[in-house]
Amino acid sequence: MEKMANPVQAYAQALLEVGGEDERIFCLTADLMHPFMIEEFSLKFPDRFFNVGVAEQNLLGIAAGLATCGKIPFVHTYTPFMTMRSCEQLRTDICYPCLNVKMAGMCSGINMGVGGATHHSVEDIAILRAIPNMTLLSPADAVEMKEAVRAAARHVGPTFIRFGRYPAPLVYEEGKAPSLEIGKAVCLREGSHISLLATGLMVHRALAAADLLASEGVSARVINFHTIKPLDRETIVKAARETGGIVTAEEHNILAGFGAAVAEVVTEECPVPLRRVGIPDTFCGLGPTEEMYRKWGLTAEKIAEAARQVLDFRARSSRS
Amino acid sequence: MEKVSPEKIEFLKAKAKKIRKDVVEILSQTSGGHFGGALSAADLLSALYFEILRIDPQNPCWPDRDRFILSKGHVSVAKCAALAEAGFFPYEELLTQYNKLGSPYGMHEDMTKIKGCDMTAGSLGHGLSAGVGMALAGKHDRKDYRVFVMIGDADLQEGSTWEAIMAAAHFKLDNLICIVDRNQIGVDGFTEELMPLEPLVPKFRDFRWEVKEIDGHNMEEIVLTLKSLPLAPEKPSAVIAHTIKGKGVSFMENNHHWHFGVATKEQAEAALAELERSN
């Protein structure tokens with residue numbers, strides 16, 4: 001049985017740790033203290049905790065003001081609200097002057113399945129990667145989440161951490177995730193026939209897909225893109241060159257998302273067959289999370305199927 | 001209440017006149033600009049930059065300085081004229097570079113480019129939230145600096161401003177002052193016809209601010225009010241300054257076509273001559 005862990009709990013624990021080490025770190029939320037599990041921060045550091053009520057635009061504007069005074073605010077709300085309700089504050093007040101604000105976006109993708117489209121976020125990667133000065137992190141699991149929080153605290157500049165709400169399978173053993181180097185993807189499994197490039201909780205599914213493919217004699221490389229922006233172009237080009245085919249996997253609209261970003265690099269630098277696994281351009285309705293993932297093809301099977309398509313395409317192309 | 005000497009009032013009026021003339025000179029040599037709101041804010045800016053704000057042009061990032069956010073960022077030209085007059089950068093630089101390719105100075109403002117600018121501004125409804133953040137930082141650090149935010153009528157039509165108004169009172173930010181340049185006119189006409197803001201004083205009071213209405217062109221009243229802050233302990237202060245859009249240039253006054261306008265050479269000369277003659 002695979003080990004599960006809650007990324008939110010890991011996030012809150014890491015924030016508590018970095019908050020204890022650096023008095024410049026403030027914690028702000030828009031009435032979501034409990035879902036983010038940051039109550040302990042509020043009790044331990046009450047003078048560095050502010051709950052602004054349900055007012056996301058104000059949340060980000062206040063964070064910008066604090067950052068101009070040398071503080072490092074971590075702000076907390078659901079990703080669809082952070083990236084859309086307060087998108088302009090995020091862009092104009094934080095990214096334009098490149099202020100040192102950290103944005104923790106929970107309920108990314110369709111993780112809050114029963115919430116429906118209001119509480120899903122299949123657009124945030126598209127939005128965030130188009131904003132200059134933004135750094136976008138998307139840790140693979142709860143273990144890597146802690147490294148993402150530390151990396152965000154170390155990095156000077158706007159940083160967004162994208163994650164889900166519910167326990168998810170672990171990619172890394174507890175305490176065994178390497179220190180997260182922003183912009184440097186991590187190769188989790190070597191392979192020579194095809195590369196599976198995944199981000200967020202799709203990394204675990206990509207590893208499972210590699211197992212499926214291995215049983216068919218296909219050697220799949222698996223790479224964890226914990227950073228979506230800046231994108232590790234070098235690792236993408238290397239994967240394209242060395243394996244000749246790419247599948248991307250993300251919990252996001254395939255339009256303008258992670259896979260699209262990878263496709264841009266592949267097309268420009270080393271064109272090879274590529275397939276994107278993600279949410280087709282649609283709102284997803286609602287349902288229990290795992291059922292939603294199956295319905296919308298965010299599964300190891302779908303990644304493996306996309307890999308077979310790439311391999312078939314390549315074989316047909318080489319014959320013709 | 002502290003008295004203000006007649007000499008000081010004359011000095012500040014002269015500075016306001018200089019700001020107005022600079023605004024007309026700068027904007028009339030470009031493809032147009034926000035004359036109306038820049039002229040309505042000039043007296044308030046003069047009082048702030050030459051009497052009220054604790055700032056040091058030689059040390060623009062001084063951590064203990066008073067902060068000033070111009071939420072109505074489209075009149076940055078007037079604020080930059082004041083900053084130049086205060087010695088943050090040469091006026092000649094502002095005049096020759098304004099709106100030029102790659103210039104720090106233009107229609108809206110970028111805090112990373114303009115010395116003495118505490119917050120990037122241009123999109124309405126943003127400034128007061130940033131001010132709340134700065135005021136919270138000041139309280140946390142037990143510093144005595146104050147945060148002044150100038151907003152226009154249109155800022156008050158943005159919902160986000162009311163989020164900030166709620167928060168400022170909740171956090172008891174008596175180091176935060178919101179100055180409303182209430183010139184009553186937006187792009188398309190009078191606010192009270194377009195989307196009324198009145199009754200504004202009770203709105204602020206109901207949101208638990210202390211409020212004072214002043215004549216935004218009466219220098220003595222402006223200075224006396226801004227010297228008696230906070231208006232009440234543990235409450236943020238709102239100073240609603242009644243102003244005239246285009247103040248000082250008769251053909252621009254109370255005319256929404258001069259919210260953003262292009263001045264001909266003759267209009268610019270007439271405007272400068274009228275300002276020169278004024279007190």
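The values are calculated or read from the model by the stated rules, or taken from the named source; none is laboratory data. Since the model is a prediction, treat every value here as computed from it, not as a measurement. Cβ atoms come from the backbone with ideal geometry, glycine included; neighbour counts cover every protein chain shown.
What the table below lists for this structure:
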{"quantity": "Residue list for segment A:214-246, restricted to those being more than 17 Å from A:A140 (Cα to Cα) and not in a helix (DSSP H, G or I)", "calculated": "A:S215, A:E216, A:G217, A:V218, A:S219, A:A220, A:G244, A:G245, A:I246"}
{"quantity": "Residues that are polar (S, T, N, Q) and either crowded, with 17+ Cβ neighbours inside 10 Å or touching a helix residue (DSSP H, G or I) at 6+ places or on another chain (Cβ under 7 Å) (or both), drawn from segment B:98-116", "calculated": "B:S103"}
{"quantity": "Strands (runs of 3 or more DSSP E) contained in segment A:1-108 and holding at least 1 residues within 13 Å of another protein chain (Cβ to nearest Cβ) and closer than 22 Å to A:D124 by Cα", "calculated": "A:25-29, A:72-78"}
{"quantity": "Residue tally, condition more than 26 Å from A:P46 (Cα to Cα), of a type outside the set (F, W, Y), more than 8 Å from every other protein chain (Cβ to nearest Cβ) and free of Cβ contacts under 8 Å to residues at least 60 places away in the same chain, over segment B:89-139", "calculated": "19"}
{"quantity": "Complete set of residues in segment B:191-231 that are over 24 Å from B:H259 (Cβ atoms) and hydroxyl-bearing (S, T, Y)", "calculated": "B:T225, B:S228"}
{"quantity": "Any chance B:G216 is modelled with pLDDT of 95 or more, touching a strand residue (DSSP E or B) at 6+ places or on another chain (Cβ under 8 Å), over 30 Å from B:A167 (Cβ atoms) and crowded, with 17+ Cβ neighbours inside 10 Å", "calculated": "no"}
{"quantity": "Selection within segment B:27-47 - surrounded by fewer than 24 Cβ atoms within 10 Å (Cβ to Cβ) and part of a helix (DSSP H, G or I)", "calculated": "B:S28"}
{"quantity": "Residue that is farthest from B:D141 (Cα to Cα) [pool: residues in segment B:167-205 that are part of a helix (DSSP H, G or I) and touching a Pro at 6+ places or on another chain (Cβ under 8 Å)]", "calculated": "B:A169"}
{"quantity": "Residues satisfying the stated conditions in segment B:141-160, i.e. more than 9 Å from every other protein chain (Cβ to nearest Cβ) and part of a helix (DSSP H, G or I)", "calculated": "B:A154, B:D155, B:L156, B:Q157"}
{"quantity": "Some residue of segment B:22-30 being at pLDDT below 95 and at positive phi", "calculated": "no"}
{"quantity": "Scan of segment B:112-133 for residues that are part of a helix (DSSP H, G or I) and either charged (D, E, K, R) or farther than 13 Å from B:C178 by Cα (or both), ordered by number", "calculated": "B:G133"}
